[in-house]
Structure formats: structure tokens, C-alpha cells
Amino acid sequence: MFTKQELQVIGQTLAQKRDWITKNINNAEGNSKLQMEQNLQTIESVMQKIGIHLRPTTNEKVTVNHYISEKSISPIRQAALARRNDLASGQIRVLIVDDDQLICELVAAYLHEAGIHLIDFANDGMRGISMMYEANPIYDLVLCDWNMPSKSGLEVHNAMRAAERYMATVFMLVTAVSEAKQIRSAIEDGVDDYVVKPIEQDKLVKKIARFFPHVGIAETE
């Protein structure tokens, strides 16, 4: 039997998954759309059952944040944030998502010089989403192109955030987009930061070091 705290975490994860499916279901077709509809029904059913278990009994005095509360921070996220701050450069797992092989190689070279060596590549958004969901352990940093065929960088970001275990993963857009309004909109949607092409090594490493304190400019020299 799950504790109420565990049910809250499960509920948060399901709520995020539900929101992602709701946002993307209209873009799906055929069997994929049917599967998403079935998953959505299952998620709603499970969330209703969780809600029942989280209701206090008449003799019970509890102060529990409901799992749909946006202000609550789950234990999983708290632990992930603490872990991220302790990671050495050589422990950071990175996924680079870009359909331009030269960009992938350039970014990887910059990361290698900063002491970051655990790097995987995806040549389109769909492959990136698949690799994130299959990864064990998860990726700590995702560097993703904005404009790609199949799935855009923002769609990759939304798919990543739908998984509770990725809530503390750093997501940066690597893009030629420099329009302030578009970038501000992406940040408001939850993207952690962005790197503008052509990519400058020092700027890239400085941005990464904001989230991973043990990564420093000195390591690139």
C-alpha cells in the first residue's frame, strides 16, 4: 500500500503526463492517437482513485498538499536538484538533439574540453524523446535544436517535462532564433536557457555552469 506522500508523487507524475497528452493528441494520427486516447482515459481513472485515497477521514487531521498543487515540490524533484548541484563535470549525462551533424560534433567538442564526456546524440526530436524515456539513468542536461523536422525543440521540452523524473533536468535550446519575444515565450514555458548559433564555447560553458556549479571556464583552458 502506498503512503500518502507516495500517492502525491504518483499523482503529480500522472497529471503532467495527462497535460502532455492533452496538448499533443490533436497532432497524432491513426493507432498513435487511439493509444493516446486510451492512455488518457486510464490516467483520468487512476487519478480519481488517488484523489479518493488522499481525502482525510473524519477522525484524521492532516495537512497534505494535494497532488495537483502547483506550489508543492515533490521529494523526487528536491532530491534531483540536490544531486545536480553535486555532480562533477565527468558525471553529467548529456543528450544533444540536433538534425545537423556538424552542430552535434561542435557542441560535443566544447563539452569534452569542459570535462563533460557522457554524451549521447539524437538526430531528430522524436528520437530525442524516445532516448529520454528509455534512458537509465536519466540525462542531466539536454541541448536541443529549436527548429527540427518531426518535433520542434519546444515539443521535445514538453515531452521531457511530462516525466516526473525529468523535472530537475536542465533543458537548453540551441537555436538561430534571436527574436526576444520568442525566446521569452520559451523561457516562460519552462525552458531553462538558450544558446544562440553560431555557438561560442565560453558562453555555452558559462550557461551550463549556472546549473552545474562544478563546471568552470577554467576547465576549457
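A few remarks follow.
- Qualifying residue in the stretch 159-179 (condition: of a type in the set (D, E, K, R) and farther than 21 Å from Arg18 by Cα): yes
- Here Met132 passes the criteria (1) out of contact with any helix residue (DSSP H, G or I) (no Cβ under 8 Å at 6 or more places or on another chain); (2) within 13 Å of Arg93 (Cβ to Cβ) except the one numbered (1).
- Within the stretch 162-214, if we keep just the residues that are β-branched (Val, Ile, Thr) and not in a strand (DSSP E or B), the residue that is nearest to Met148 (Cα to Cα) turns out to be Val177.
- Meets criteria (in contact with a helix residue (DSSP H, G or I) (Cβ under 6 Å, 6 or more places away or on another chain), touching a residue at least 12 places away in the same chain (Cβ under 8 Å), surrounded by fewer than 21 Cβ atoms within 10 Å (Cβ to Cβ) and not acidic (Asp, Glu)) for Val156: no
- Restricting Arg18, Arg77, Arg55 to those that are modelled with pLDDT of 70 or more and either among the charged types (D, E, K, R) or over 20 Å from the mean Cα position of the chain (by Cα) (or both) reduces the list to Arg18.
- Applying the criterion of being surrounded by fewer than 17 Cβ atoms within 10 Å (Cβ to Cβ) and among the hydroxyl-bearing types (Ser, Thr, Tyr) to the residues of the stretch 117-151, the residue that is nearest to the chain's Cα centre (by Cα) is Tyr133.
The values are calculated or read from the model by the stated rules, or taken from the named source; none is laboratory data. These numbers were taken from a predicted model, which means no experiment stands behind them. In this analysis, Cβ positions are derived from the backbone assuming ideal geometry, glycine residues included, and neighbour counts consider all displayed protein chains.
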